[in-house]
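The values are calculated or read from the model by the stated rules, or taken from the named source; none is laboratory data. Bear in mind that the values here come from a model prediction, so they are computed numbers and not experimental data. Positions of Cβ are backbone-derived with ideal geometry, glycine not excepted, and every protein chain shown enters the neighbour counts.
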Amino acid sequence: MKPIIMKQFFLQYLTVLSFFLLLASACTQTAEEEQQTTEQTPAAAETLPDSVYLSRGGEIVQKTFATLSSHLKASLQKEGVEGAVAYCHLNASPLVDSLSRAYGAQIRRTSLKIRNPQDAPDAYEQKALAKAAAAHEKGERISPWIERLPASDSAQGEVAYYAPIYTLPLCLKCHGTPGETLAESDYAVIKKHYPDDQAIGYQAGDWRGLWSIRFKE
């Protein structure tokens, strides 16, 4: 074969070889990029049905109510209303906070007539309280319900669980009518700890507020 022909053949060979090498490299990069994209893209979060949150919320309410009630009854038996009010003032919020951490949820109690300023309702809770109050005015029994709260720029969406708080006979010792079911001397103790208290005047069976529990969705 002549030198010129050999040279042309060799150049063609190099051109074809370079083409296939570039093609192989591009395919490899594409495969690697696709793998990286797959690894970096999180799986879509599973949206749990309302029934799951209703069950979880109910369990949390039962546990929190039982825990608070047992401590409150013990304080009432030992030191009367004064001891119970002192216990609630110092220990109720930390106890609920510890249960919130244990369940991975935010546990609150709120009302249209609050005692502790920390229990004041936020915008979502105000709407929930208005809904519950309207049902109560119609004589309807309030059942627990779920609301899905929108995500903000700084936080993911949340699921809110609401359940009614009804006044039990024992509650009247601290939430009844002063001079009747609530002794004036005991109410003076309450006012000492909560000067702006509004949570009085209830009768047994009255709707008093809401449990408000929030889960990260």
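A few points about this structure:
- Filter result (exposed (fewer than 15 other Cβ atoms within 10 Å of the Cβ) and part of a helix (DSSP H, G or I)) within segment 121-132: 123, 126, 127, 130
- The lone exception for residue 118 - which of (1) surrounded by 15 or more Cβ atoms within 10 Å (Cβ to Cβ); (2) more than 13 Å from the chain's Cα centre (by Cα); (3) touching a residue at least 12 places away in the same chain (Cβ under 8 Å) it fails: (1)
- Considering (1) farther than 23 Å from residue 121 by Cβ; (2) hydrophobic (A, V, I, L, M, F, W, C); (3) out of contact with any His (no Cβ under 8 Å at 6 or more places or on another chain), the lone condition that residue 168 does not fulfil carries the number (1).
- Top-ranked residue in segment 146-174 [being free of Cβ contacts under 8 Å to residues at least 40 places away in the same chain and outside any loop (DSSP other than H, G, I, E, B); ranked as nearest to residue 50 (Cα to Cα)]: 147
- At least 1 residues being farther than 24 Å from residue 194 by Cα and at pLDDT below 90 is the threshold, and among the helices (runs of 4 or more DSSP H) wholly inside segment 1-112 those reaching it are 3-40.
- Just so you know, in segment 175-200 the residues that are touching a residue at least 12 places away in the same chain (Cβ under 8 Å) and outside any loop (DSSP other than H, G, I, E, B) include one that is nearest to residue 65 (Cα to Cα), and it is 175.
- From the list 163, 199, the lone residue that is touching a Leu at 6+ places or on another chain (Cβ under 8 Å), surrounded by 14 or more Cβ atoms within 10 Å (Cβ to Cβ), at pLDDT 95 or above and not polar (S, T, N, Q) is 163.
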